[in-house]
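The values are calculated or read from the model by the stated rules, or taken from the named source; none is laboratory data. None of the values given here were measured: they were computed from a predicted structure. Reconstructed Cβ throughout: ideal geometry from the backbone, glycine too, with neighbour counts over all protein chains shown.
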Amino acid sequence: MTEQTKNPQPGYAARAYPLADLTRALPPLTAFQAFVAAAELGSFNRAAEHLCRTQGAVSRQVQQLEAHYRCALFVRRPSGLTLTTEGGALLTVAVDVLTQLARHAHAHVHGMSTLTVRLPSTFAIRWLLPRLSALNHALPRTELRIHTSADDMPDFADADFDAIVVRGTGSWAGMAAIPLFDECLTPMCTRETGASLKSIADLAHVTLLHPARNRDEWRCWLDAVGATRIDPGTGLVFDTLELTLTAAAQGHGVAIGDPRMAADRLEAGTLVAPFPHVVRNGLGYYLVYPVQRAAQPAIQALAEVLTRLARDG
């Protein structure tokens, strides 16, 4: 039975924590450093010079690894060292581990913190990137790692993310949800397509472009403006708003979405809003994170700057 920690540190998800495996006897870290240096430089002599150790010490440390893993890590030739298949596999792991340790040490020394944030892809491209310089300027001691996803559900089961920007209602069990802005909907299309739309009823004669399979966005907007005779179930379906807006900009139909996510296209004229009706759909964008992380200074700083940027428009 896998032994698990009874008191996992904040930030860890509820998952198997193989303490017994992590505390098994391993060769010292200096041996892995010697191995990586020898692999990179192709020679025990050059590795020794780089590490300020003797050639014999580096050779013995690599032999220590080979004894532990019961395989040769290098083919030794007069011309230099060549990694074996097993050596190449271990090198990948060793470099990853040493990189993470070096980053942690650097962050500790320089007071840096790291935040991994997952964002909806359209939000990341169309809202965050234009504000990225302001965000980095406001968080000078935080290393941001940004991941994107089309998924609107906050899932911290794998503990890979410190915070998530989510499009939803703002209510998730066990999560703090900081509102950024309400989502608004309006149709958008090319200027040429827009010229053919003399009234909302003309939408019946064009292709509706949907940013999600449920087609809720068009249904919400059509209901709000009283266009009950137009079928929101027709048209083309995409998995992100970004794709939907791109299709509209290429003349494939009329998209529906938040004009904030098309601000540059609307300003440039590659998209236009053919109708003045902008409808709130009851959803919004939220910064979401587990409540136990609410006291973390980096999370608090991220929440403050995102809400300020959202408030500033």
Helices (runs of 4 or more DSSP H) enclosed by region 34-153 - at least 1 residues per element that are surrounded by fewer than 15 Cβ atoms within 10 Å (Cβ to Cβ), in contact (Cβ under 8 Å) with a residue 24 or more places away in the chain and more than 34 Å from the chain's Cα centre (by Cα):
55-69
Among the listed residues 287, 271, which satisfies the condition of being surrounded by 13 or more Cβ atoms within 10 Å (Cβ to Cβ), within 18 Å of residue 128 (Cβ to Cβ) and at pLDDT 95 or above?
287
Taking residue 187 as meeting all but one of (1) assigned to a helix (DSSP H, G or I); (2) more than 24 Å from residue 114 (Cβ to Cβ), write down the number of the exception.
(1)
Is one or more of the residues making up region 201-224 without any contact (Cβ under 8 Å) to a residue 12 or more places away in the chain, of a type in the set (Ser, Thr, Tyr) and either touching a Leu at 6+ places or on another chain (Cβ under 6 Å) or more than 24 Å from residue 131 (Cα to Cα) (or both)?
no
Can you pull out every residue in region 239-259 that is out of contact with any Cys (no Cβ under 6 Å at 6 or more places or on another chain) and either in a helix (DSSP H, G or I) or modelled with pLDDT under 95 (or both)?
239, 240, 241, 242, 243, 244, 245, 246, 247, 249, 259
